[in-house]
Amino acid sequence: MSTTIKALVFDVGGVLAPDLNTTVGGMINRFPVITEPELLLWLREAWILFDRSGSDELAQEQELAFWATFTKKFASRLPGTAPGDMVGALEPYVVFIDGMEQLLDLIQTRRPDLLLGICSNNASFTWLRTKNKLHLTKWFPQSHCVLSQEVGVKKPSPDIYQIARTCFPGISGPEILFIDDKKLNLDAAANTANFQVFQFPTFQNGAQALQSHLEALHVL
């Protein structure tokens, strides 16, 4: 007999909204003097500094520090560009992945008893911007959101999945379905916390694929 799913835990970037690589990639037209490989290499280097520390209260300060690494790296090609000029630069690209807002509404309507949570590697400023613009608290109570910047560990560390599990008292690992776009994170969640898992196909009508999976599990 299959275990009944009582909670769904979502990644943010790559599941609810485009991941940061995609959003930063959208800036290419703004800075044609920087190539996409250069931009993504900077992002990987900078993100390491910001995805495991911070708080909502320090989000603005953190965003300035994040963009300071950008203006410093590309100073010779972006003369006169200051970190403050970049604040909010990613906001136009903070949107729901097609179909995900509607799917969240469907889940909430059909299964109001189902608990929803988030487990994400996120910096303070990107989380705050995404949470506010997409109104994520409509579906995800703050007490069900586990963010690497708050807990000091990130996926695929086993610790972050155990922290996520404690957000749902009385619910066991196998009663939680974890939804992420990265196999490494899913394998760790399954092996260390006994979560059921679903790999979100970001570029293949992911919302419909997830809905079909939830229906197959009799969650919807």
*At a 1.4 Å probe radius, carbon and sulfur cover how many percent of the accessible area of the chain?*
54 percent
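Could you rank 143, 124 by how accessible they are, 1.4 Å probe, largest area first? Intermediate values should be presented prior to the final figure.
Details: 143 85, 124 0 Å².
The residues order as 143, 124, largest area first.
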_Interchain or long-range residues, amide H under 5 Å from residue 118's placed H_ = 10, 145, 146
*Under 19 Å from the Cα of residue 131, which lysines turn up, not counting those fewer than eight places away in the same chain?*
154
*Could you give the accessible area per residue of the chain, probe 1.4 Å, as a whole number in Å²?*
47 Å²
*asked:* Heavy atoms only, 1.4 Å probe, whole protein assembly: order 72, 131, 182 by accessible area, highest first.
replied: 72, 182, 131
_In Å and on Cα atoms, what radius of gyration and Dmax does the stretch 1-134 show?_
17.4, 64
*Assigning unit charges at the beta carbon (Lys, Arg +1; Asp, Glu -1) and nothing else, what dipole magnitude in debye, to the nearest 20, does the chain show about its Cα centre?*
100 debye
_Which of rounded, prolate or oblate describes the stretch 110-220 when judged by the alpha-carbon gyration tensor and an a/c cut-off of 1.5?_
rounded
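Which value in deg cm²/dmol, rounded to the nearest 500, describes the helix-derived mean residue ellipticity at 222 nm for the chain, given -39,500 (n - 2.57) per DSSP H run of n ≥ 4 and division by the residue count?
Dividing the helical sum by the residues of the chain leaves -12500 deg cm²/dmol.
Pull out the extension gain between residue 216 and residue 142, defined as 0.36 nm times the separation in residues minus the alpha carbon to alpha carbon distance; nm, one decimal.
Values: separation 74, 0.36 × 74 = 26.64 nm, distance 2.88 nm.
So the extension gain works out to 23.8 nm.
The values are calculated or read from the model by the stated rules, or taken from the named source; none is laboratory data. Everything numeric in this text was worked out from a predicted model, so none of it was measured. Please note: Cβ atoms are built from the backbone with ideal geometry, for glycine as well, and neighbour counts cover all protein chains shown. Areas reflect the complete protein model, heavy atoms only, side chains present, ligands, DNA and RNA absent. Shrake-Rupley method; radii C 1.70, N 1.55, O 1.52, S 1.80 Å.
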